[in-house]
Amino acid sequence: MNRNFYFVGIAFFGMINGIFNQLALIFTLLYVQLLAGPLLFGSLSLTLMFASLMVSTATVILGGIPAAIYERVTGGSESSDASLWIWLAGTALLALPAAGNFLKIGL
């Protein structure tokens, strides 16, 4: 399968988790308001978008840790289909709490 499909799926699950995971978004929003509030002109909408972007990025990074460990153990110098599947599954598992909100609200 084409590697781009894996990357699109990983980005999709990261986006779903960043937008629809309310618990992580509220937790991140509290810290972003403290740390980046003046940087974002005190605008709540900009702060919410930045917090959503942070949750999405964290999802992609945390989902890639098992894939990186797999690549390290197998000694692969380049990402294989198996490691991309692990990365995709990791991001999908992290996005499970947000899946209910996504299916209820939709895009």
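The values are calculated or read from the model by the stated rules, or taken from the named source; none is laboratory data. All values reported here derive from a predicted model rather than from experimental measurement. Glycine also receives a Cβ, built like all others from the backbone with ideal geometry; neighbour counts cover every protein chain displayed. We work out accessible area using only protein heavy atoms, side chains counted, and drop any ligands, DNA or RNA first. Shrake-Rupley method; radii C 1.70, N 1.55, O 1.52, S 1.80 Å.
Tell me the residue from 30, 39, 94 that is on the phi < 0 side of the Ramachandran plot and open to solvent by less than 80 Å² (accessible area, probe 1.4 Å), please.
94
Select, from 88, 44, 40, 35, the only residue that is at pLDDT 95 or above and among the aliphatic types (A, V, I, L, M).
So the residue among 88, 44, 40, 35 that is at pLDDT 95 or above and among the aliphatic types (A, V, I, L, M) is 88.
How about the stretch 54-91: which of its residues are closer than 18 Å to residue 23 by Cα and open to solvent by 80 Å² or more (accessible area, probe 1.4 Å)?
Correct list: 54, 62.
Do we have residue 15 as open to solvent by 60 Å² or more (accessible area, probe 1.4 Å) and either in contact with a Lys or Arg (Cβ under 8 Å, 6 or more places away or on another chain) or under 14 Å from residue 92 (Cβ atoms) (or both) here? It would help to see each step written out before you state the result.
Working: open to solvent by 60 Å² or more (accessible area, probe 1.4 Å): yes; either in contact with a Lys or Arg (Cβ under 8 Å, 6 or more places away or on another chain) or under 14 Å from residue 92 (Cβ atoms) (or both): yes.
When the stated conditions are applied, residue 15 passes them.
Out of 79, 83, I need the residue that is at pLDDT below 95, in a loop (DSSP other than H, G, I, E, B) and more than 28 Å from residue 30 (Cα to Cα). Which one? Steps first, answer last, please.
Values: 83 fails: in a loop (DSSP other than H, G, I, E, B).
Only one candidate qualifies: 79.
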